[in-house]
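Please read the structure below before turning to the comments.
The values are calculated or read from the model by the stated rules, or taken from the named source; none is laboratory data. It should be emphasised that the depicted structure is a prediction, and the values quoted were computed from it without experimental measurement. Every residue, glycine among them, receives a Cβ derived from its backbone with ideal geometry; neighbour counts consider all protein chains shown. Note: accessible area is taken over every heavy atom of the protein model, side chains too, but ligands, DNA and RNA are not part of it. Shrake-Rupley method; radii C 1.70, N 1.55, O 1.52, S 1.80 Å.
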Amino acid sequence: MCGIVGYIGKEQAAPFLLDGMSKLEYRGYDSAGIAVMEGAKIRLEKCVGRLEALRAKIAGDMPVGTIGIGHTRWATHGRPCDRNSHPHADSSGKFVVVHNGIIENYLVLKEQLIEKGHVFLSETDTEVVAHLMADLWDGDFESTVKKVLKEIKGSYSLVFMTEYEPKKIICTKKDNPLVIGLGEGENFIASDIPAIISRTRRTFIMSDGEIATVSADGVWVQDINGTPISKKVFVVNWNAEAAEKGGFEHFMLKEIYEQPKAIRDTMTGRVDKETETIAFPELNWTPEMMASINKIFIVACGTAYHAGIVGKYYLEQLARVPVEVDIASEFRYRSPLIDGNTLCIVISQSGETSDTLAALREAKKLGARTLGVTNVVGSAVARESDQVVYTYAGPEIAVASTKAYTTQILAMLMLAIYVGRLRGTLGEARAKELVHGLGLVPEQVHELLENVDQIKVFARQYASCEDAFFLGRSLDYAVALEGALKLKEISYIHAEAYAAGELKHGTLALIVEGVPVIVLATQSDVYDKTVSNLQEVKAREAVVIAIGFVGDEVLKQHADSVIYIPKTDKYIAPLMAVLPLQLLAYYAALTRGCDVDKPRNLAKSVTVE
Ligand code: M6R
């Protein structure tokens, strides 16, 4: 996730920008840059790598000026390199912009601008915004920004500077954070509070659609129609560490709450809500190509492996291709049966997991076509796979994966719908139904995350238990696996997930009075059987917490307690059913006093075998 900083005032801008950007390093980035108004000219300095590389580049020749903007980039469109770093300028260099988010329609806009003679230097979606400023320039900064906003679609925080009106910075946002800091004769802009709290604690948060004109003496906020907006200023009393976590106690909790945005971003450019279709412009697969695939392997580790199991259900049921899911460390040594008609999908948040990479290389060696599903642009998985589908979860800092998992299963569902349509195994009406359901997910997830008191109570109640069991059938079983992993890795409670029907073949012996059993019951075709399994554990006096759809009265009759999730399609249910499990694990770990973000013995990225 990129970081934005802006300054306008009486002090030198560059040192503040660099300092502010360093406070945003925790968000993850691969390149950095600044633009400073030097006299009447904008000077742009940017490069790939850490902030130190930028500092070294300008050491001894720091841009001089009291107005500037800066950016740390987490690549989404175009690999990390100098040219793709922000800020971006138009061809004249008179307009510069920094951007967080995704401009969904950038390809169409880029083509139109190229036809008009604009020359693009980067592969980014952002650069179109700078060229659009130049193209639509009408002699008035605010008015031109509004024209640009009418052209672009997607999610963004945008900050603009122009040589034509050098005493102003303009910023705006949609679905991405942006805050303004208020000083005396100086004002600040940032994507996140840590960047500015060393200079001011008086801030306000920009809302979607607002446009702020920031000068040294004041900040003027309006909407796109020119209606003035008065903002409520608040004084930040967090310390720097709390500010990095956006006020959340842990990165894990922050990342759980970032899921509506991560899901929305991962759907951007793929889910078309109007036509209710799925597109993967980055794949451009054809019916012929898909008809030639007779087997799919999904290979990954840990949470990503669990996302792969969900993906197997999706691809087999919607696209009718046989799928094998493998743990990467097993796959690489088991001589898998692969040929040129095999597609090997590797899933990895970091794109650097050693076993996953080795499995990818093995699949390529054996002649498979390969597809990487990863969250990190330019990672080894992205570089070495034949094709890549990115999840846009933003950097995940907590060791326990949360938003990466939901975006991985979302990517797999979108992929299965896409492949199902290409192979003719999924009818148009059913595909539309699913896409419609997907469009509702960000809001439903948001809603679910707003009502978590009951989950906190359960977590505290059962935090002292030694063992816990997670049961489900079909997709619920796949999600149960992830629920158990979450609980054990951060709370150190022994947790096992079972396919509910398998329980009586051994594990039922472990079910005794008071053992917590979490039963997922969202899959209509196996619902009755799941409820029977629930009764079996209840009969052994287990304490049963069921997870089901709002309005499910049957679960209420049989379970000790029910956590309800919003009603949705059975294929979309995993995106929601996993949320209570993430929160149960989080609050249980918190109650037990565990180091939630850095659980013992574990690393975020496992780059050794
Ligand atoms: O970066 P990757 O997705 O390849 O990582 C794979 C696993 O190490 C990872 O999913 C791990 O299981 C999670 N951090 C657990 O929450």
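The figures follow:
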{"quantity": "Residue count, segment 313-356 (criterion: more than 16 Å from the ligand (Cβ to nearest atom), touching a Gly at 6+ places or on another chain (Cβ under 7 Å) and open to solvent by 10 Å² or more (accessible area, probe 1.4 Å))", "calculated": "3"}
{"quantity": "Residue in segment 161-206 that is farthest from Gly65 (Cα to Cα), counting only those that are touching a Leu at 6+ places or on another chain (Cβ under 8 Å) and part of a loop (DSSP other than H, G, I, E, B)", "calculated": "Met206"}
{"quantity": "Residues (open to solvent by 70 Å² or more (accessible area, probe 1.4 Å) and of a type in the set (S, T, N, Q)) located in segment 41-86", "calculated": "none"}
{"quantity": "Selected residue (criterion: surrounded by the most Cβ atoms within 10 Å (Cβ to Cβ)) from residues of segment 385-405 that are more than 12 Å from the ligand (Cβ to nearest atom) and in contact (Cβ under 8 Å) with a residue 60 or more places away in the chain", "calculated": "Tyr392"}
{"quantity": "Out of Lys486, Lys504, Lys529, sole residue that is under 21 Å from Tyr564 (Cα atoms), part of a helix (DSSP H, G or I) and more than 16 Å from the ligand (Cβ to nearest atom)", "calculated": "Lys529"}
{"quantity": "Residue satisfying condition, being of a type in the set (A, V, I, L, M) and not in a helix (DSSP H, G or I), within set Val148, Val119, Val108", "calculated": "Val119"}
{"quantity": "Search result, residues across segment 584-600 that are more than 12 Å from the ligand (Cβ to nearest atom) and either open to solvent by 50 Å² or more (accessible area, probe 1.4 Å) or free of Cβ contacts under 8 Å to residues at least 12 places away in the same chain (or both)", "calculated": "Leu590, Thr591, Arg592, Gly593, Asp595, Arg600"}
{"quantity": "Scope segment 126-148; condition farther than 16 Å from His99 by Cα, open to solvent by less than 30 Å² (accessible area, probe 1.4 Å) and polar (S, T, N, Q); matching residues", "calculated": "Thr144"}
{"quantity": "Residue check for Gly437: surrounded by fewer than 24 Cβ atoms within 10 Å (Cβ to Cβ) and under 17 Å from Gly269 (Cα atoms)", "calculated": "yes"}
{"quantity": "Residue selected from segment 373-384 under the condition in contact with a Gly (Cβ under 8 Å, 6 or more places away or on another chain) and open to solvent by less than 10 Å² (accessible area, probe 1.4 Å), by the criterion farthest from the ligand (Cβ to nearest atom)", "calculated": "Ala380"}
{"quantity": "Verdict on Ala500 being free of Cβ contacts under 8 Å to residues at least 24 places away in the same chain, among the hydrophobic types (A, V, I, L, M, F, W, C) and open to solvent by less than 30 Å² (accessible area, probe 1.4 Å)", "calculated": "no"}
{"quantity": "Hits in segment 290-311 (condition: touching a residue at least 60 places away in the same chain (Cβ under 8 Å), closer than 13 Å to Leu343 by Cα and open to solvent by 10 Å² or more (accessible area, probe 1.4 Å))", "calculated": "Ala291"}
{"quantity": "Filter result for Glu255 (within 16 Å of the ligand (Cβ to nearest atom) and either crowded, with 17+ Cβ neighbours inside 10 Å or among the polar types (S, T, N, Q) (or both))", "calculated": "yes"}
{"quantity": "Verdict on Tyr564 being modelled with pLDDT of 95 or more, open to solvent by 20 Å² or more (accessible area, probe 1.4 Å), farther than 18 Å from Ala497 by Cβ and not in a helix (DSSP H, G or I)", "calculated": "yes"}
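Table: residues versus (1) of a type in the set (A, V, I, L, M); (2) touching an Asp or Glu at 6+ places or on another chain (Cβ under 9 Å); (3) surrounded by 15 or more Cβ atoms within 10 Å (Cβ to Cβ).
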{"site": "Val441", "(1), (2), (3)": "yes, no, yes"}
{"site": "Val452", "(1), (2), (3)": "yes, no, yes"}
{"site": "Arg460", "(1), (2), (3)": "no, no, no"}
{"site": "Phe469", "(1), (2), (3)": "no, yes, yes"}
{"site": "Leu475", "(1), (2), (3)": "yes, no, yes"}
{"site": "Glu482", "(1), (2), (3)": "no, no, yes"}
{"site": "Val526", "(1), (2), (3)": "yes, yes, yes"}
{"site": "Leu534", "(1), (2), (3)": "yes, no, yes"}
{"site": "Glu541", "(1), (2), (3)": "no, yes, no"}
